[in-house]
Structure formats: C-alpha cells, structure tokens
Amino acid sequence: MVKQSRGKAQRPKVRPLSGPASQGGVLRAVLGTSISSIRETDGRVSGLKFNKLAMELYWKLSKAENRAFHFVLPHRWYLYGAVVDDYTLRDHIKFDHPDNELETNVEAAFAGLFDMRSAPAGLREEIEPFATDFARKHAGQAGIPGMLRDHYRRAPLPFQRDFLEWSQLTRAILFGYEPDDSRTVALHFNRLVKSYPQELEPRLTSAFGRLALYLEPIVTGRTSGDLGKLKEAVTALWDFWTAFCLFLSVRYNNGLPDARLESYRAHAETELTAYKRRLSAYLENGYLQEGFIAARLGQDIASLSRFMAEQARLSLEETNQLSRDR
C-alpha cells in the first residue's frame, strides 16, 4: 500500500486493488471495450477518444451499486482533459506517441485484453451499450468538440472549461469554420482571465498576470478579421497552458504510483523555469514592437481580474441593449 504524506493532503487517496480488479478483470474489460468500440466506429483508435471513453466508463462504474465493478484507473488531468497513465498501464495497452494525445494510436498490449471471461457477471451488459453509444455519438472528427464539452463538465476547475471554450472558438475562427466576431472573442478572454485559479501554483499566477495584461489590449482592441493578433493571443495562451497543465496533473490525479507522480512534479518544476524565460523574452519583444508601457506589469492579477470582469459586464450589457433595440 502506498503511504500517504501528510504534506500532500490535496492528492486523492490511491485505493489498493482488490477482488476482481486485483486480477485485472474490470480494468481489462474497460480498456478492451474502449478500444473495440472506437475502432468499430472510427477505424482508428485515437488517444483522445480512448482516454475520454475509458474515463467515462471509470466514472460510471465508480457509482455502480455492485462493488465488484469498482476499479482503479490511473489517470491525471492534462492538456485535453483526463488521460489514463500509459506507463502504469503498459502491460495492458500501448500508445505509439504517448506524449501527444492527439496523434497517438492505442492498441492492446496482448490479445487477452478483449477477453471478458474474467470480468464480474453483468459487467459486459453494463459497459458495452454505453461504449457503443459514446463512440457513435462522437464519431469522426466532427464528434470531438461535443465530446470535449461533455467531458469537461467533470473538470475540477472552471478555468479549464473556460479555456476549452476559448480554444474551440478561436481555433474555429482561425480555420475558417466560424465568422470572426471580435466582441465574442473578447468576452471569452475576459471569462478566462476572471476564472484563473490563483491558488493552484502561486509561482504561475504572476506569470499569467503579466501575460494577460499584455494580451488584453490585443484581444479587446482588435477589429474583426484581424486574425494575426488573434493567432498571437492563441499561441501565447497555449504556451502558458502547457506549463499550467503540468501543475494541474500534479494536483488532480488518482491511482498514480508515487514514483510516477514525482516524475510529473519534477517535469513541472523544470518547465516552470523554462516557461518564465520564454514569457520574459516574448513580453520584452512584444513591448518593444508595440510600444506598450512596461509599468503596466506592476498591476497584480487581482486588479486585472476586477478590470476584466467589469469589461465583460459592460460588453454584455451593450450586446443585450443592441438586441433590445433591434
């Protein structure tokens, strides 16, 4: 049994495997069913869809009255939501690009992964229809946005949901799938800034404040159709997101061995230093190019949040007034 450190109260307790789960019956059934259901619908078993379906089955079975269906699925919250830990589950599944959830394909490490005979009675009937419905509902590339919105309803932080909405909107605009409405983009940016969780990692809070102060006039001051400025904001916020999600992984996870969690923590610390250097270089270059006043960086994130919240309120009132006038 893994010993719990008193100084890490935020880490969910790792439950020891017992009963059928100790033999891998439920775990194998969930992993195998996730692979087969997505393959039947999409042909390819992408890491993104596999992770989301496996997590949905985990959450579903965690609430089952039949405790024989309960099991541990090692996972953490990361860039595109919750992801299963490929290294911990390496004896069951294989990822060909484990560092990239979008590009990786998932396959069984051995043929027995699809054998349901070791699973508790009734498990097949509990999970197969659910998995089939999930795969059909979110089939193909067109099913991904809805799948992620459904998935992020379980995200532990409002900031994650706001970042998803920002990302989906701005990328749809940049790829030409949605018309560019600068006011709507600014509202999403305002919500994102307002919901930032300052307590997650204080050393990142000041970095986010500096970045948001720089991007605020770019996002709120641009005109519709100015995709160059929008792309700059999207790229800069994604760079921050990659550092933020490493600390998110350390805080929000379950079932990870201590050694695995320590490796994520070490990676987060290394990336924090690297990100701060990238941010300083980016801001210095940006302020020199655009002529912004560097003294604005003295504002703190709390003041910025209040400012952005007020801007969002005024913009929303203006939008509502225009709708009433029509």
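The values are calculated or read from the model by the stated rules, or taken from the named source; none is laboratory data. Just so you know, these numbers come straight off a predicted model, no measurement behind them. Methodologically, a virtual Cβ is constructed for each residue, glycine included, from the backbone with ideal geometry; neighbour enumeration extends over all protein chains shown.
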Query raised in the report: In the set 206, 195, which member is in contact with a helix residue (DSSP H, G or I) (Cβ under 9 Å, 6 or more places away or on another chain), within 27 Å of residue 284 (Cα to Cα), modelled with pLDDT of 95 or more and among the polar types (S, T, N, Q)?
Result: 195
Requested in this report: With the checklist (1) surrounded by 14 or more Cβ atoms within 10 Å (Cβ to Cβ); (2) under 23 Å from residue 241 (Cα atoms); (3) not acidic (Asp, Glu) in hand, flag the one item residue 71 doesn't pass.
Outcome: (2)
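Conditions tested, residue by residue: (1) under 18 Å from residue 149 (Cα atoms); (2) polar (S, T, N, Q); (3) assigned to a helix (DSSP H, G or I).
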| position | (1), (2), (3) |
| --- | --- |
| 28 | no, no, yes |
| 37 | no, yes, yes |
| 49 | yes, no, yes |
| 52 | yes, no, yes |
| 82 | yes, no, no |
| 87 | no, no, no |
Report summary line: Filtering segment 54-78 down to residues that are within 18 Å of residue 147 (Cα to Cα) and part of a helix (DSSP H, G or I) yields 54, 55, 56, 57, 58, 59, 60
Query - residue 162 in contact with a helix residue (DSSP H, G or I) (Cβ under 9 Å, 6 or more places away or on another chain), in contact (Cβ under 8 Å) with a residue 40 or more places away in the chain and acidic (Asp, Glu) - result: no
Query raised in the report: Scanning for something loosely packed, with under 13 Cβ neighbours inside 10 Å and part of a helix (DSSP H, G or I), does segment 144-157 turn up at least one residue?
Result: yes
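Yes or no, residue by residue, for (1) touching a helix residue (DSSP H, G or I) at 6+ places or on another chain (Cβ under 8 Å); (2) modelled with pLDDT under 95; (3) not polar (S, T, N, Q):
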site: 79; (1), (2), (3): yes, no, yes
site: 92; (1), (2), (3): yes, no, yes
site: 107; (1), (2), (3): yes, no, yes
site: 110; (1), (2), (3): no, yes, yes
site: 114; (1), (2), (3): yes, yes, yes
site: 131; (1), (2), (3): yes, no, yes
site: 134; (1), (2), (3): yes, no, yes
Query raised in the report: Any residue at all in segment 81-96 that is buried (at least 22 other Cβ atoms within 10 Å of the Cβ), more than 19 Å from the chain's Cα centre (by Cα) and of a type outside the set (Asp, Glu)?
Result: yes
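Working only within segment 96-127, note down all residues that are of a type in the set (A, V, I, L, M, F, W, C) and either outside any loop (DSSP other than H, G, I, E, B) or over 14 Å from residue 83 (Cα atoms) (or both).
Taking segment 96-127 as the starting set, the residues that turn out to be of a type in the set (A, V, I, L, M, F, W, C) are 102, 106, 108-111, 113-114, 116, 119, 121, 123, 127.
106, 108, 109, 110, 111, 113, 114, 116, 119, 121, 123, 127, listed by residue number.
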Requested in this report: Inspect segment 168-179 for any residue being farther than 16 Å from residue 245 by Cα, in contact (Cβ under 8 Å) with a residue 24 or more places away in the chain and under 16 Å from the mean Cα position of the chain (by Cα) and give the result as yes or no.
Outcome: yes
Report summary line: The residue from 237, 314, 261 that alone is among the hydrophobic types (A, V, I, L, M, F, W, C), modelled with pLDDT of 95 or more and more than 30 Å from residue 88 (Cα to Cα) is 237
Requested in this report: Would you check which residues across segment 131-162 are basic (Lys, Arg) and closer than 12 Å to residue 81 by Cβ and list them?
Outcome: 149, 153, 154, 161
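Considering each of 256, 279, 248 in turn, give the residue that is at pLDDT 95 or above and over 30 Å from residue 182 (Cβ atoms).
Numbers: 279 fails: over 30 Å from residue 182 (Cβ atoms); 248 fails: over 30 Å from residue 182 (Cβ atoms).
Criteria check complete, one pass: 256.
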